[in-house]
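The values are calculated or read from the model by the stated rules, or taken from the named source; none is laboratory data. Computed from a prediction, not measured in an experiment: that's the story for all the values here. Virtual Cβ from ideal backbone geometry, glycine too; neighbours counted across all protein chains shown.
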Amino acid sequence: MEALRKEERYTYADYCAWDDGERWELIDGVPYAMSPAPTRKHQGISGALFSQLYNFLKGKPCEVYHAPFDVRLNADEDDDTVCQPDIVVVCDKSKLDEKGCKGAPDLAIEILSASSLRMDRVIKLEKYRQAGIPEYWIVDPEMRGVEVYVLDNGRYYAARYIDEAPVGVLPGCVINLKEVFPEEDF
(Lines give C-alpha, C1' and ligand atoms only; values in the text may rest on other atoms or scores of the structure.)
Protein backbone atom coordinates (compact mmCIF):
# COMPACT_ATOMS: atom_id res chain seq x y z
CA MET A 1 0.00 0.00 0.00
CA GLU A 2 1.56 3.20 -1.15
CA ALA A 3 0.48 6.63 -0.05
CA LEU A 4 -1.08 8.69 -2.79
CA ARG A 5 -1.60 12.45 -3.02
CA LYS A 6 1.06 13.02 -0.34
CA GLU A 7 1.17 16.74 -0.98
CA GLU A 8 -2.40 17.31 0.20
CA ARG A 9 -4.07 16.61 3.53
CA TYR A 10 -7.57 15.14 3.54
CA THR A 11 -10.35 14.62 6.08
CA TYR A 12 -13.03 12.01 6.58
CA ALA A 13 -15.48 14.30 4.72
CA ASP A 14 -13.15 14.21 1.69
CA TYR A 15 -12.84 10.45 2.02
CA CYS A 16 -16.63 10.05 2.00
CA ALA A 17 -16.87 12.12 -1.18
CA TRP A 18 -14.44 9.95 -3.17
CA ASP A 19 -16.48 7.96 -5.62
CA ASP A 20 -13.82 6.30 -7.72
CA GLY A 21 -14.71 2.66 -7.02
CA GLU A 22 -11.50 2.19 -5.03
CA ARG A 23 -11.09 1.36 -1.35
CA TRP A 24 -8.96 3.78 0.65
CA GLU A 25 -7.61 4.25 4.14
CA LEU A 26 -6.70 7.68 5.44
CA ILE A 27 -3.80 8.00 7.90
CA ASP A 28 -3.08 11.48 9.28
CA GLY A 29 -4.77 13.01 6.23
CA VAL A 30 -2.77 10.93 3.73
CA PRO A 31 -4.79 8.52 1.54
CA TYR A 32 -3.55 4.98 0.99
CA ALA A 33 -5.04 2.85 -1.78
CA MET A 34 -6.05 -0.57 -0.51
CA SER A 35 -5.12 -3.71 -2.39
CA PRO A 36 -7.57 -5.31 -4.77
CA ALA A 37 -9.91 -7.99 -3.47
CA PRO A 38 -8.27 -10.22 -0.86
CA THR A 39 -7.07 -13.70 -1.80
CA ARG A 40 -9.13 -16.79 -1.12
CA LYS A 41 -6.71 -17.74 1.67
CA HIS A 42 -7.12 -14.32 3.28
CA GLN A 43 -10.90 -14.62 3.09
CA GLY A 44 -10.84 -18.12 4.61
CA ILE A 45 -8.74 -16.92 7.54
CA SER A 46 -10.96 -13.87 8.02
CA GLY A 47 -14.12 -15.98 7.92
CA ALA A 48 -12.78 -18.48 10.46
CA LEU A 49 -11.75 -15.72 12.88
CA PHE A 50 -15.00 -13.83 12.42
CA SER A 51 -17.15 -16.91 12.99
CA GLN A 52 -15.41 -17.82 16.25
CA LEU A 53 -15.74 -14.25 17.54
CA TYR A 54 -19.35 -13.98 16.35
CA ASN A 55 -20.33 -17.24 18.05
CA PHE A 56 -18.63 -16.21 21.31
CA LEU A 57 -20.34 -12.81 21.30
CA LYS A 58 -23.91 -14.07 20.77
CA GLY A 59 -26.04 -12.61 23.54
CA LYS A 60 -23.20 -10.39 24.80
CA PRO A 61 -22.96 -6.59 24.52
CA CYS A 62 -19.92 -6.49 22.20
CA GLU A 63 -20.28 -6.69 18.42
CA VAL A 64 -17.90 -7.96 15.73
CA TYR A 65 -17.59 -6.51 12.22
CA HIS A 66 -15.52 -7.41 9.16
CA ALA A 67 -14.09 -5.26 6.39
CA PRO A 68 -15.01 -3.07 4.77
CA PHE A 69 -15.95 -1.28 7.99
CA ASP A 70 -14.72 2.27 8.66
CA VAL A 71 -12.94 2.95 11.94
CA ARG A 72 -12.46 6.69 12.44
CA LEU A 73 -9.69 6.74 15.01
CA ASN A 74 -9.89 10.44 15.83
CA ALA A 75 -13.44 11.24 14.74
CA ASP A 76 -13.86 13.86 17.45
CA GLU A 77 -10.60 15.69 16.69
CA ASP A 78 -8.93 16.15 13.29
CA ASP A 79 -11.10 13.49 11.65
CA ASP A 80 -8.19 12.69 9.34
CA THR A 81 -7.67 8.99 10.02
CA VAL A 82 -9.95 6.18 8.90
CA CYS A 83 -8.84 2.56 8.72
CA GLN A 84 -10.57 -0.61 7.62
CA PRO A 85 -9.21 -3.43 9.77
CA ASP A 86 -10.08 -6.92 8.58
CA ILE A 87 -12.06 -7.52 11.79
CA VAL A 88 -13.00 -5.28 14.73
CA VAL A 89 -14.80 -5.83 18.01
CA VAL A 90 -16.64 -2.88 19.56
CA CYS A 91 -18.07 -3.11 23.08
CA ASP A 92 -19.10 0.53 23.56
CA LYS A 93 -22.22 0.93 21.41
CA SER A 94 -21.99 4.72 21.68
CA LYS A 95 -19.00 4.48 19.32
CA LEU A 96 -21.12 2.94 16.57
CA ASP A 97 -23.03 4.85 13.93
CA GLU A 98 -24.32 4.06 10.45
CA LYS A 99 -20.88 4.72 8.95
CA GLY A 100 -18.86 2.50 11.30
CA CYS A 101 -16.91 3.11 14.51
CA LYS A 102 -16.06 6.54 15.94
CA GLY A 103 -12.93 6.13 18.03
CA ALA A 104 -10.94 3.12 19.11
CA PRO A 105 -12.57 -0.32 18.91
CA ASP A 106 -11.73 -2.82 21.64
CA LEU A 107 -9.98 -5.19 19.23
CA ALA A 108 -8.58 -4.68 15.73
CA ILE A 109 -7.37 -7.59 13.61
CA GLU A 110 -5.29 -7.30 10.44
CA ILE A 111 -4.39 -10.26 8.23
CA LEU A 112 -0.99 -9.83 6.59
CA SER A 113 -0.45 -9.93 2.86
CA ALA A 114 2.66 -9.15 0.86
CA SER A 115 1.31 -5.70 0.03
CA SER A 116 0.27 -4.83 3.61
CA LEU A 117 3.36 -5.77 5.66
CA ARG A 118 4.65 -2.24 6.28
CA MET A 119 1.17 -0.79 6.74
CA ASP A 120 0.08 -3.42 9.29
CA ARG A 121 3.37 -3.88 11.17
CA VAL A 122 4.53 -0.26 11.29
CA ILE A 123 2.00 2.40 10.35
CA LYS A 124 -1.18 0.85 11.77
CA LEU A 125 0.61 -0.57 14.81
CA GLU A 126 1.62 2.97 15.76
CA LYS A 127 -1.74 4.57 14.88
CA TYR A 128 -3.64 1.90 16.84
CA ARG A 129 -1.33 2.43 19.84
CA GLN A 130 -1.79 6.20 19.68
CA ALA A 131 -5.56 5.78 19.39
CA GLY A 132 -5.62 3.55 22.47
CA ILE A 133 -6.90 0.34 20.90
CA PRO A 134 -6.56 -2.10 23.82
CA GLU A 135 -5.74 -5.14 21.69
CA TYR A 136 -4.36 -5.47 18.17
CA TRP A 137 -3.83 -8.75 16.36
CA ILE A 138 -1.57 -9.26 13.36
CA VAL A 139 -2.48 -12.55 11.72
CA ASP A 140 0.38 -14.06 9.75
CA PRO A 141 -0.73 -16.67 7.19
CA GLU A 142 2.88 -17.68 6.50
CA MET A 143 3.68 -18.22 10.19
CA ARG A 144 0.22 -19.77 10.66
CA GLY A 145 -0.20 -17.83 13.88
CA VAL A 146 -0.95 -14.46 15.42
CA GLU A 147 0.96 -11.71 17.13
CA VAL A 148 -1.21 -10.23 19.87
CA TYR A 149 -0.41 -6.68 21.01
CA VAL A 150 -1.92 -5.67 24.34
CA LEU A 151 -1.86 -2.01 25.37
CA ASP A 152 -0.53 -1.26 28.84
CA ASN A 153 0.33 2.29 29.98
CA GLY A 154 0.52 3.54 26.40
CA ARG A 155 2.80 0.71 25.16
CA TYR A 156 2.00 -2.42 23.23
CA TYR A 157 3.36 -5.69 24.59
CA ALA A 158 3.43 -8.58 22.14
CA ALA A 159 2.95 -12.33 22.40
CA ARG A 160 2.83 -14.95 19.64
CA TYR A 161 0.38 -17.83 19.43
CA ILE A 162 0.16 -20.79 17.06
CA ASP A 163 -2.41 -23.17 18.62
CA GLU A 164 -4.85 -21.11 20.68
CA ALA A 165 -4.96 -17.38 21.26
CA PRO A 166 -6.79 -15.81 24.21
CA VAL A 167 -8.68 -12.60 23.51
CA GLY A 168 -7.74 -10.38 26.43
CA VAL A 169 -10.56 -7.87 25.90
CA LEU A 170 -13.13 -10.72 25.86
CA PRO A 171 -12.59 -12.76 29.04
CA GLY A 172 -13.21 -16.44 28.37
CA CYS A 173 -12.77 -16.14 24.60
CA VAL A 174 -10.02 -18.29 23.12
CA ILE A 175 -9.55 -18.54 19.37
CA ASN A 176 -8.71 -22.00 18.04
CA LEU A 177 -6.01 -21.24 15.49
CA LYS A 178 -6.10 -24.77 14.09
CA GLU A 179 -9.54 -23.87 12.72
CA VAL A 180 -8.20 -20.57 11.38
CA PHE A 181 -5.26 -22.26 9.62
CA PRO A 182 -6.52 -25.65 8.45
CA GLU A 183 -4.02 -28.33 7.46
CA GLU A 184 -4.87 -28.10 3.77
CA ASP A 185 -3.57 -24.98 2.12
CA PHE A 186 -5.79 -22.73 0.07
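How many residues, within region 18-32, are surrounded by fewer than 16 Cβ atoms within 10 Å (Cβ to Cβ) and within 24 Å of Glu77 (Cα to Cα)?
Result for region 18-32: 3.
Given the conditions (1) assigned to a loop (DSSP other than H, G, I, E, B); (2) touching a Ser or Thr at 6+ places or on another chain (Cβ under 8 Å); (3) on the phi < 0 side of the Ramachandran plot, and given that Lys127 satisfies all but one, which numbered condition is not satisfied?
With respect to (1) assigned to a loop (DSSP other than H, G, I, E, B); (2) touching a Ser or Thr at 6+ places or on another chain (Cβ under 8 Å); (3) on the phi < 0 side of the Ramachandran plot, Lys127 is out only on (1).
Pull up region 101-127, narrow it to residues that are among the hydrophobic types (A, V, I, L, M, F, W, C) and farther than 17 Å from Val167 by Cα, then point me to the one that is surrounded by the fewest Cβ atoms within 10 Å (Cβ to Cβ).
The residue in question is Ala114.
Can you spot a residue in region 47-67 that is in contact (Cβ under 8 Å) with a residue 60 or more places away in the chain and more than 20 Å from Pro134 (Cα to Cα)?
yes
Do we have Ala108 as of a type in the set (Gly, Ala, Ser), closer than 23 Å to His42 by Cβ, in contact (Cβ under 8 Å) with a residue 12 or more places away in the chain and not in a loop (DSSP other than H, G, I, E, B) here?
yes
When region 132-170 is examined, which residues are found to be crowded, with 20+ Cβ neighbours inside 10 Å, under 28 Å from Pro31 (Cα atoms) and of a type in the set (A, V, I, L, M, F, W, C)?
Ile133, Trp137, Ile138, Val139, Val146, Val148
From the set of residues in region 171-181 that are without any contact (Cβ under 8 Å) to a residue 40 or more places away in the chain and surrounded by 12 or more Cβ atoms within 10 Å (Cβ to Cβ), which is farthest from Lys41 (Cα to Cα)?
Looking at residues that are without any contact (Cβ under 8 Å) to a residue 40 or more places away in the chain and surrounded by 12 or more Cβ atoms within 10 Å (Cβ to Cβ), I get Val174.
When you scan region 82-100, do you find a residue that is surrounded by 12 or more Cβ atoms within 10 Å (Cβ to Cβ), more than 21 Å from Asn55 (Cβ to Cβ), modelled with pLDDT of 95 or more and touching a Leu at 6+ places or on another chain (Cβ under 8 Å), even just one?
yes
Using the structure shown, decide if Glu147 is acidic (Asp, Glu), part of a strand (DSSP E or B) and free of Cβ contacts under 8 Å to residues at least 60 places away in the same chain.
When the stated conditions are applied, Glu147 passes them.
Can you say whether Asp79 is surrounded by 15 or more Cβ atoms within 10 Å (Cβ to Cβ) and at pLDDT 95 or above, as far as the supplied structure shows?
No, not satisfied.
Can you tell me how many residues in region 103-124 are under 14 Å from the mean Cα position of the chain (by Cα) and either of a type in the set (Gly, Ala, Ser) or more than 17 Å from Val30 (Cα to Cα) (or both)?
14
I'd like the full set of residues that are crowded, with 16+ Cβ neighbours inside 10 Å and touching a Lys or Arg at 6+ places or on another chain (Cβ under 8 Å), limited to region 41-76.
Of everything in region 41-76, those that are crowded, with 16+ Cβ neighbours inside 10 Å and touching a Lys or Arg at 6+ places or on another chain (Cβ under 8 Å) turn out to be Glu63, Asp70, Arg72, Leu73, Ala75.
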